[in-house]
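All of the numbers you see were taken from the coordinates with simple rules; none came from a lab. It should be emphasised that the depicted structure is a prediction, and the values quoted were computed from it without experimental measurement. Cβ placement follows ideal geometry from the backbone for every residue including glycine, while neighbour counts extend to all protein chains displayed.
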Amino acid sequence: MDRLDAFADLTIRRACAFVALAAVTVMLSLSFDLMLVLRTGADMTSLLAIALGISARRAPRRDIRHTEVYAMLRSAGLPRDRLTQPDTRARIAEVLCERLAWHAERVAVTAVALYLLALVSWLLGPD
């Protein structure tokens, strides 16, 4: 089910892109203070990583019929009876959990990088 992985990645990345747009907008509005920009970006990125991690933990217990991946699979032409089979539902939940955890790790690394940049900015002194 390569299509399932692609749909899961697409939905997660779309959500992350909206959060990134919000974060960049806030960061641009604070552009008068580099330290504040970096710390705010790191904080918002950390919140996203936490949200992705919580979503990954909840994915196996979540009803997949209420996910965007399910809607995409339905619109791609997969028959409803195939999507309602327990093994297919379990596979969708497993893929969602795996992909959410993968994205959470990458976002957490980005948050750490922003915190490190803020630390370097603080160590180098005032603007």
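Please arrange Thr45, Thr67 by counting, for each residue, the other beta carbons lying within 10 Å of its beta carbon, fewest first.
In order of increasing Cβ crowding within 10 Å: Thr67, Thr45.
With unit charges on the beta carbons (Lys and Arg positive, Asp and Glu negative) and the dipole taken about the Cα centre of the chain, which residue among His66, Gly53, Val107 sits farthest to the positive side?
Farthest towards the positive pole: His66.
Among Val107, Val95, Val24, determine the one that fluctuates most according to a GNM of the chain built with springs between C-alpha atoms less than 10 Å apart.
Val24
How big is the gap, in Å, between the Cα center of the stretch 74-127 and the Cα center of the stretch 31-68?
Their Cα centres are 9 Å away from one another.
Running a GNM on the chain with Cα contacts under 10 Å, which residue among Ser31, Ser55, Ser46 ends up with the highest mean-square fluctuation?
Ser31
Using only the Cα atoms of the stretch 18-86, construct the convex hull and provide its projected area averaged over every direction, in square nanometres to one decimal.
With every direction weighted equally, the projected area is 5.9 nm².
Can you give me the orientation-averaged projected area of the convex hull built on the Cα atoms of the chain, in nm²?
So the mean shadow area of the Cα hull is 8.3 nm².
Dipole of the stretch 2-123, Cα-centred, from +1 at each Lys and Arg C-beta and -1 at each Asp and Glu C-beta, to the nearest 20 debye? Mind dumping the intermediate values first?
Values: 16 positive and 12 negative charges, 87 e Å.
For the stretch 2-123, the charge dipole is close to 420 debye.
For Leu114, what is the net charge nearby, where nearby means another residue's Cβ is under 14 Å from its Cβ and Lys, Arg count +1, Asp, Glu -1?
Once all neighbours under 14 Å are counted, the net charge is +1.
In nanometres, what is the gap between the two model label sites at Val120 and Leu47, each 7 Å from Cα along Cα-to-Cβ?
Those two pseudo-labels are separated by 2.6 nm.
Specify the angular offset, from 0 to 90 degrees and rounded to the nearest 10, of the alpha carbon long axis of helix 86-123 from the longest principal axis of the alpha carbons in the chain.
Long axis of 86-123 versus the principal axis of the chain: about 0 degrees.
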